[in-house]
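Before any comments, here is the structure.
What follows draws every value from the coordinates through simple rules; no lab data is involved. Since we're looking at a predicted model, the values are computed, not measured. Ideal geometry is used to build each Cβ from the backbone, glycine not excepted, and the neighbour counts take in all protein chains shown.
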Amino acid sequence: MHIVKSFALAVLMLALAVCTVGTGEAAQWDGGTIRVVGLGVAPAGTSGTQAEALARRAAISDAYRQLAEQVNGVNVDASTTVENLMLANMTVRTHVSALIKGVEIREEKAQRDGSYTVTLELPVYGSGSLASTVFAPNKIPEPWTPPAAVYVPYQPQNYDTTGYGTYDRAQMQNSAANRVTAPTPLRPSTPAAVENPLRPTQPAVTTPAAPSEPAPLRPTHPTPQTSTMPDTSAPTVQIPVPPAPTVQPPAAPAPAVQVPIAPTTPPAEIVPTGQAVGGYTGVIIDCTGLGLRTAMSPVIKAENGRPIYGYKNLDSDKVVANGMAGYVRSEADATRAGRNPLVVRAVRVDGNANPVLSAEDARRVLIENGASGFLDATNVVFIR
């Protein structure tokens with residue numbers, strides 16, 4: 001009898017796993033919340049309270065599985081997902097796993113057909129959000145790019161979008177793998193002098209030293225001629241000989257100090273002059289038709305590739321609380337940018353996540369931000 005009960009329990013658990021299915025309502029991330037709905041069906045042969053309990057358990061299992069999949073697929077930046085970041089950083093992995101396990105059920109309901117649904121919601125930003133596990137603290141933001149720098153040629157560099165070094169990691173690894181180090185040339189050692197065994201050694205001959213005579217004394221100054229006759233010639237004038245200049249040994253060179261090369265100021269004729277208009281409450285960047293995807297840490301770039309807005313410029317508390325940008329489908333929905341936004345059009349999108357602005361628009365955004373500070377407040381909206 002005990003064997004029969006154990007076999008029945010095993011079959012029941014197998015049926016429970018098989019009957020765990022997903023709903024037709026796909027989990028979506030709108031930039032603010034990840035929402036999933038798990039569906040569970042009771043195994044055949046069960047009824048009543050037992051069937052409902054088993055269906056609920058299956059629905060909960062399905063919901064958490066979906067939530068983990070959705071979190072793993074969230075784009076952190078143009079080249080990194082949460083899953084990639086978890087694989088690269090054990091701290092992030094621990095925090096994200098604990099966050100998912102701690103998500104509470106938002107809604108659950110028994111359906112008329114005997115199935116059961118469970119809804120889970122995880123905020124991307126705010127208290128207890130995914131952002132709190134993805135972003136490292138950044139209490140000292142970097143200064144904003146000078147407006148004139150958007151006209152200076154720029155060499156793309158690795159940009160840390162979370163504090164964990166996620167941006168262009170794959171590119172850096174490929175560059176390191178393809179870098180060939182030239183071998184160090186071998187220096188031939190100087191052979192030691194070898195005595196010729198065939199050449200006899202000449203005995204040393206000691207020559208007796210000649211008797212030394214006292215060396216005549218040489219006056220250091222010209223000696224005046226002495227004569228018994230009166231000297232009718234002009235008196236000898238001694239010209240003082242200046243002492244030889246003292247040669248100072250060359251001073252040891254000072255240790256080289258690595259000074260970052262400041263960008264060259266572009267010619268005045270290519271930098272448009274202009275003053276901030278002021279009063280802008282935010283910025284809206286139109287990226288329609290450019291394939292922009294949602295990302296937790298986007299980077300706005302100038303046309304020369306220089307970042308003008310990114311995580312390193314912001315206080316991490318603001319990023320965790322509000323995110324770095326909002327994603328909307330129309331300008332009417334861009335309430336995050338305030339009542340008087342500056343509207344510009346992206347020329348392209350880098351990596352499907354980073355809007356690229358023309359030099360003039362990038363300069364204008366930086367100048368107006370200097371007057372209004374809307375970038376510091378993360379009042380940034382992307383239209384997709």
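LEU357: over 17 Å from GLY279 (Cα atoms) and either under 23 Å from the mean Cα position of the chain (by Cα) or of a type in the set (Lys, Arg) (or both), yes or no?
yes
Is at least one residue of segment 114-126 assigned to a loop (DSSP other than H, G, I, E, B) and out of contact with any helix residue (DSSP H, G or I) (no Cβ under 7 Å at 6 or more places or on another chain)?
No.
Determine whether segment 75-96 contains at least one residue that is in contact (Cβ under 8 Å) with a residue 12 or more places away in the chain, outside any strand (DSSP E or B) and over 26 Å from the mean Cα position of the chain (by Cα).
No, segment 75-96 contains no residue that is in contact (Cβ under 8 Å) with a residue 12 or more places away in the chain, outside any strand (DSSP E or B) and over 26 Å from the mean Cα position of the chain (by Cα).
Is it the case that ALA88 is surrounded by fewer than 16 Cβ atoms within 10 Å (Cβ to Cβ) and aliphatic (A, V, I, L, M)?
Spelling it out, ALA88 is indeed surrounded by fewer than 16 Cβ atoms within 10 Å (Cβ to Cβ) and aliphatic (A, V, I, L, M).
Can we say LEU120 is of a type outside the set (Ser, Thr, Tyr), buried (at least 16 other Cβ atoms within 10 Å of the Cβ) and under 26 Å from ARG293 (Cβ atoms)?
Yes.
Restricting to segment 53-74, name every residue that is under 21 Å from GLY128 (Cα atoms) and in a helix (DSSP H, G or I).
Here is the first cut: in segment 53-74, the residues under 21 Å from GLY128 (Cα atoms) are 60, 63-74.
Result: ILE60, ALA63, TYR64, ARG65, GLN66, LEU67, ALA68, GLU69, GLN70, VAL71, ASN72.
For segment 288-321, give me each residue that is under 14 Å from the mean Cα position of the chain (by Cα), among the β-branched types (Val, Ile, Thr) and not in a loop (DSSP other than H, G, I, E, B).
Listed by number, the residues that qualify are ILE300, ILE308.
Name the residues in segment 292-319 that are closer than 17 Å to ALA149 by Cα and charged (D, E, K, R), would you?
The answer is LYS301, GLU303, ARG306.
Out of (1) free of Cβ contacts under 8 Å to residues at least 12 places away in the same chain; (2) in contact with a Leu (Cβ under 7 Å, 6 or more places away or on another chain), the odd one out for THR335 is which?
(2)
If a residue counts only when it is in contact with a helix residue (DSSP H, G or I) (Cβ under 7 Å, 6 or more places away or on another chain) and not polar (S, T, N, Q), which strands (runs of 3 or more DSSP E) contained entirely in segment 326-384 have at least 2 such residues? Talk me through it step by step, then tell me what you get.
Working: elements: 326-328, 341-345, 348-350, 354-357, 380-383.
By residue number, 341-345, 380-383.
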